[in-house]
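Chemist: Right, I'll just put the structure down here and ask away after.
Any read-out appearing in this document is the output of simple, stated calculations on the displayed coordinates, not a laboratory observation. Everything numeric in this text was worked out from a predicted model, so none of it was measured. Cβ: placed from backbone, ideal geometry, glycine included. Neighbour counts: every protein chain shown.
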Amino acid sequence: MTGADIITAILLAGILIAVVVYLLYWLYRRSSKEVAFVRTGLGGERVVITGGALVLPIVHNVTLVGMNTLRLEVRRDGDKALITKNRMRIDVVAEFTVRVRSDTQAVSLAAQTLGRRSMSADEVREVVQGRFVDALASVAARMTMDGIQENRDVYMKDVRAIIEESVARNGLEIEAVSLTGLDQTSIEQFNPSNAFDAEGLTRLTEQIETRKKARNDIEQDTMVAIRSKNLEAEIEALEIDRKSEYARLEQEREVAKQRALEKAQVAMERATRDREAQEAEIRAEEEVEIARIQREKALEAERSLRETTLTEEIEARRKHRNDVERDTQIAIHAKDRQAEVEILEIEKEIEFARLGQQEAIAGQRAAQMAEIARRQSSGEQEAETARIAALEAIERARILQERAVESERIARNQEVDRLEVLRRKVLQLEEQERAIAITRKEKDKAEAQAETEQARARAVEAEEKVASAREREAAERRKLVELIEAARAVESEALQLTTIAAAQTNAAEQKAAADRFVTLSQKLRYEIDAEGRRALNEAENIRTDDNREHALRMKLLEHIEGIVRESVKPLENIDSIKILQVDGVPGVNSPSDVGSGGTGSGDPASGGGSMTDRIVNSAMKYRTQAAFVDGLMKDLGLPMEHLGSAGGLSFRNFAEAPPEDNADDKPGGDDSDDGNDKDGSPSDDDN
């Protein structure tokens, strides 16, 4: 063998190897983890899952089978919702993960039943969705909605047990099932005319109303409990305030009582001292008078010659002395009674007692000074006049004091009565409100009323003692407050007037500026609008008729959708439409009706043929169209029985209409109206 033969052999071997490699690349089909295939044809069926096989284009066929896990979601909601055992509709969303089993028989079944659809989840869903829905509905029909919610795993296990056998016939297996969504269907989806929905709607309405009632009961009970607790807290707070107020009033009463006692004690001591001083003065005066009388008696013994005169004078002076003593005793007793009255009045009103006492003391002193002046004077008449004037002054002071005390007492009693009536009204309202809110605490209310009465008595007693001082302080305080408020009002009014004037000035300036800007902006806008209208008018003037027509058509095209929508709205009320098309029947657009020189309209008179043919065609045309006309007239509600029959026309005889009637109103009509000739045969026009 020469070198050329060797080279040739090597080249042939290389070419052969290249051809074999190419053929293997082209003809050898390999499977993968994601895709298996089934080869059919020469050599029978061969399932390839993990290996490969030769696939000849002519003698073999390959079916690909997807081995991936597919996620299939089944959603049943709205009017397609599932119906449970208690006739409730539920919206369900379930996920199923399926795949082809990794064995030869399953792959073969998948290739046979699914084919290339096993590669797409949507296409697989179209095949098995009905089974999944049936399984979901079957298990749901055996359980209630609450049972499904509480036993979701049991529900999905039952569904899986049903569908596993079904999908196994397609070579599939269920990896997992999941109930991802479960809820009651909206109540609007329930059809009251449906037996299932009517029962479910009844139960659902009953449950909703029951839950609503229970929720309302809970809310109302909670509200009542809250308000009761608030009421108890308010009652306790009011009770604390009441006790605090009572304690404060008790303290004020004790303080006022102690203050009144101290003032009364001071007044009594002062009155005692004044009375002792007055008694000492009276005793001194008596001693002076006695000494003077003794001196007069000594002088009288010396003056024997004037015994009678002196005796009369002594008797007169003795009488005068007795009168003075009697007047002094009367004054002392009156002062004692007045002091006792003052002491009693001091307990009611200290200030008035003190003023009365001062006035009495001033009157007494005036009387004593008048008496001393009278004694020191030389005339008995002046002394008597001074004494009478002093007594009158004392009497007037006493009367004025009694009147003032009586007036004050009456006014104070009236004010106390008014406050008492007002307080009783307020307490009565409070007691009524408490009686409405608190019916189970009558005992506490009685005790509170008793304490209130006691406190009222103490308050009245305290108010009687401190009323004058409080009124004076209140008057002073009101006067001061009024002065302050008046000054403040004057200052505020001045400041307000100043501020208003400044604000009005500023507002006027701003309004003037704003008006100027508004005027300028309106002027500019009007100029721009006028310019725009002028340009539009010029453009409109130079447009041609074709351009205007084109613009009109464009506007029509823009609104064509709405026009068509509004124009076809009446068609929504049409229930059905019948279209009758008859071809090839003698007498109805048949070829025999169209003559060689005819128009094709089907009119026998316009076609060719003999008279016999035309008569036969007319009869055939009438007999053929009669059935269609009868059906059409029945659909229109005008049965032909009242007009005539197709087999042999028979018409009722009607009386002749009056000459003045219109031809259209004649019952029989003329020959052209009733469609018959004079002999009763149908005309060609009716046919």
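Chemist: Rank-order 534-546, 230-242, 96-108 by packing density, defined as the average count of other C-beta atoms within 10 Å over each peptide's residues, highest first.
Modeler: On the way: 534-546: 8.8, 230-242: 11.6, 96-108: 18.5.
Listed from highest to lowest mean packing, they are 96-108, 230-242, 534-546.
Chemist: If you don't mind, there's one more thing I want to ask. Could you work out how much longer the chain between LYS634 and ARG30 gets when fully extended? Use 0.36 nm per residue separation minus the Cα distance between them, nm to one decimal. Could you put the intermediate results ahead of the total?
Modeler: On the way: separation 604, 0.36 × 604 = 217.44 nm, distance 7.16 nm.
Computed gain between LYS634 and ARG30 is 210.3 nm.
Chemist: Moving on. Give me MET554, MET119 sorted ascending by neighbouring Cβ count inside 10 Å, so fewest comes first. Don't skip to the answer; put the middle values down first.
Modeler: Numbers: MET554 10, MET119 17.
Taking fewest neighbouring Cβ atoms as first place, the list is MET554, MET119.
Chemist: A further question follows. Give me the Debye-computed log₁₀ of I(q)/I(0) at q = 0.10 Å⁻¹ for segment 31-189, equal point scatterers on Cα only, no solvent, two decimals.
Modeler: Scattering profile of segment 31-189, log10 relative to I(0): -0.44.
Chemist: Which of the residue pairs LYS213/LYS243; LYS33/LYS157; LYS80/LYS634; LYS243/LYS425; LYS80/LYS212 have a Cα-Cα distance greater than 32 Å in the structure shown?
Modeler: On the way: LYS213/LYS243 44 Å; LYS33/LYS157 29 Å; LYS80/LYS634 41 Å; LYS243/LYS425 20 Å; LYS80/LYS212 28 Å.
Violating the 32 Å limit, Cα to Cα: LYS213/LYS243; LYS80/LYS634.
Chemist: In a solvent-free Debye calculation with one equal scatterer on each Cα, what is log10 I(q)/I(0) for segment 22-115 at q = 0.12, 0.21 Å⁻¹, listed in the order of the q values?
Modeler: Rounded to two decimals, the profile gives -0.53, -0.98.
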